[in-house]
Structures are given as structure tokens and as C-alpha cells.
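K.L.:
Dropping the structure in here first, questions after.
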Amino acid sequence: MTECRILVLLGAPGAGKGTQTTKLVQKFRMKYLSTGEALRQKAGEDTLLGNQARESMERGELVSNELVAQVVRDCMTDFRDSTGFILDGFPRNRSQAELLEEIAGETPIWVINIRVDEEVVITRLSGRRHCVECGKITNVNFSPPRQEGVCDTCGAKLVQRPDDFPNVVQRRLQVYREQTKPLTDFYSKKGCYFEVDGNLDTETVFERISAHLTGEESLAGNPHLSAGQSSA
Ligand code: AMP
């Protein structure tokens, strides 16, 4: 079995964590968890926890650490069986960072901070639309669909996520500044921390992250993250 790494993608909402996670998973065959995606699923359930999650998310607040811990523990049970496990959107505050240390144990945690200007985030999130059928994400500010409000791929309706509404985006950014951004200090002091300029285009950001990962691995004489390697 190859040695495992936990890769944390930090960054403001709209920094491109989800997009980069998808590309990293394809290239390095790592497992991943997006807490935002997992919590949106929970929020769709008519249970006490589901309703609490939905209310927090619709206000742009963080969901309770208890529910997040449950989701993360459930998804990370076998993370050591893989070459790497990417976390998109977790941790988001100090207490979650401590939980991650506990779950990781001896497994190294590598942090990539995707730094992005707030104006860029606002333009990205205000234009983001999701297809209700196939889930494809379109940005009406950068690549508008051929027909307004209609998915180019499957022809279903495009909708805006409630937490991408402008007032909620402002609150999400405030929560990010207050609770998540301080984690950049926490991790930069620990080493294994890399910053990338998320204002650049998706491909450039991806190339920089990939080069960092492969470069660091070979420096360590440990080529487990070489492209195309399959996870266990
Ligand atoms: P995201 O898709 O990562 O932008 O997350 C969407 C929303 O899910 C956030 O605004 C939070 O309400 C919630 N969320 C995602 N990850 C976490 C987390 N680690 N802790 C608390 N809430 C979270």
C-alpha cells in the first residue's frame, strides 16, 4: 500500500476549490470529500439535522461543527487506503482544523491555499448557475448558455444556488474572513503550505498546484502522487 496524504484546499467561496478538486481527482486518482456537496445532500433531507443545515447554508453561515464532524468522519473512514484524500471546504474554522489533526493521526496534511480577490469571487458567484438535472455548472458572466436559463448539455433548467444570492455571498465572505482565513496562518506556520493565485485562469492554477504536488513528492523521494496512479 502506498503512503497517504491529506490535501486540504483552502480558499474563499468562489476561489475555485471545487473545480480544482475535480481536476486533481482526475489527474492523481485521489479520493475526495466536498463538505459543501455532502451538506447540500443532508439539507435535502427532511430531518432535524437536514433542516438545521439548510437554514445555516441559506443564511451563508457555517453548519454546526457537530454535523460537519459526523459527515467528515463518515466519509473518511478508509482514507488511508488511498494515495491521497482531498478535502474541499474542510476545515473552515479552528475547531475543525483540530478535528482534522485528530482524524489524520500520523498522516501528513498538505494545505493549498487558493488566494483570490473579493471582486473576482463576487463576479464568479453572481454568474454561477446549476443545471437541475445533470448538475453541470455554467457561468453566465464568462460562458453564457446558448439559450438563457437552459443547460447546454441536457436542456434542463439552470438555477442559481440560494447561497449565491448577493446578500448571502456577502455573509459567506464575512464568515470566511472571520473564521476560515485565520487558518492560513495556522497552517503556514506548520509547513506543507502552498499558496496559489486563484485570480488566474483555471488551467494555470491547476498546473501550479500539480507542479507543487509532484515537485514536493519527488523532493521527498516519494513519487506516490505521480499522475495517473490509481488509488487503492
Ligand atoms: P461550499 O460548497 O464549500 O461553498 O459550501 C456551501 C455551504 O456549506 C457553506 O456556505 C456552509 O454553509 C456549508 N459548509 C460547507 N463546508 C462546511 C464546513 N466545513 N463547516 C461548516 N459549514 C460548511
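K.L.:
Show me the ranking of peptides 141-150, 106-115 by mean Cβ neighbours inside 10 Å, starting with the highest.
P.N.:
Going from most to least packed, we get 106-115, 141-150.
K.L.:
Which ³J(HN,Hα) values, rounded to whole Hz and listed in residue order, are derived for region 102-117 from phi using the Karplus coefficients 6.51, -1.76 and 1.60 in 6.51 cos²θ - 1.76 cosθ + 1.60 with θ = phi - 60°, glycine and proline given as x?
P.N.:
5, 5, 5, x, 7, 5, x, 10, 10, 10, 10, 9, 8, 8, 9, 6
K.L.:
Looking at region 1-144 only, what percent of DSSP beta bridges run antiparallel? Nearest 5 please.
P.N.:
Rounded to the nearest five, the antiparallel share is 15 percent.
K.L.:
Shifting gears a bit: How much net charge surrounds GLY36 when only other residues with a Cβ under 12 Å from its Cβ are counted (Lys, Arg +1; Asp, Glu -1)?
P.N.:
My count for the surroundings of GLY36 gives +2.
K.L.:
Same structure, new question: Helix-only mean residue ellipticity at 222 nm, the chain, DSSP H runs n ≥ 4 weighted -39,500 (n - 2.57), per residue, nearest 500. What is it?
P.N.:
Helix contribution divided over all residues of the chain: -13000 deg cm²/dmol.
K.L.:
On to the next question. Size of the dipole of region 91-144 about the Cα centre, Lys and Arg at +1 and Asp and Glu at -1 on the beta carbon, nothing else charged, in debye to 20?
P.N.:
Value, rounded to 20: 380 debye.
K.L.:
Are there any trypsin sites (Lys or Arg not before Pro) in region 1-96 that are in a DSSP loop and have at most 10 other Cβ atoms within 10 Å? List them by number.
P.N.:
In loop regions of region 1-96 (DSSP not H, G, I, E or B), there are no sparsely surrounded trypsin sites (Lys or Arg not before Pro).
K.L.:
Can you list the aspartates and glutamates whose alpha carbon is less than 17 Å from that of LYS157, not counting same-chain residues fewer than 8 positions off?
P.N.:
Result set, ordered by chain and number: GLU133, GLU148.
K.L.:
Taking a 24 Å limit on the Cα-Cα distance, which of the listed pairs LYS17/LYS42; LYS31/LYS136; LYS42/LYS189 fall beyond it?
P.N.:
From the list (LYS17/LYS42; LYS31/LYS136; LYS42/LYS189), the Cα-Cα distance tops 24 Å for LYS42/LYS189.
K.L.:
Next question, about the same structure. Using the Cα centre as the reference, give the magnitude of the dipole from point charges on the C-beta atoms of region 1-100 (Lys, Arg: +1; Asp, Glu: -1; all else neutral), rounded to the nearest 20 debye.
P.N.:
460 debye
K.L.:
Follow-up question, since we're still on this one. Using the Cβ atoms and a cut-off under 15 Å, what net charge is assigned to the surroundings of GLY14, where Lys and Arg are +1 and Asp and Glu are -1?
P.N.:
+3
K.L.:
What shape does the chain have by the C-alpha gyration tensor, where a ≥ b ≥ c are the square roots of the eigenvalues, rounded means a/c under 1.5, and otherwise prolate means a/b greater than b/c and oblate the rest?
P.N.:
Prolate is the answer for the chain, as a/c is 1.5 or above and a/b outweighs b/c.
K.L.:
Under the rule of at least 5 residues apart or a separate chain, name every residue whose amide H is placed under 5 Å from the amide H of LEU10.
P.N.:
Amide H neighbours of LEU10, under 5 Å, 5+ apart: ILE112, ASN113, ILE114.
K.L.:
In debye, nearest 20: dipole of the chain around its Cα centre with unit charges on the Cβ of K, R (+) and D, E (-)?
P.N.:
That gives a dipole near 300 debye.
Every number in this text was worked out from the coordinates using simple rules, so none of it is lab data. All figures in this text were calculated on a predicted structure; none of them were measured in a lab. Using ideal geometry, Cβ is built from the backbone for each residue, glycine included, and neighbour counts are taken over all protein chains shown.
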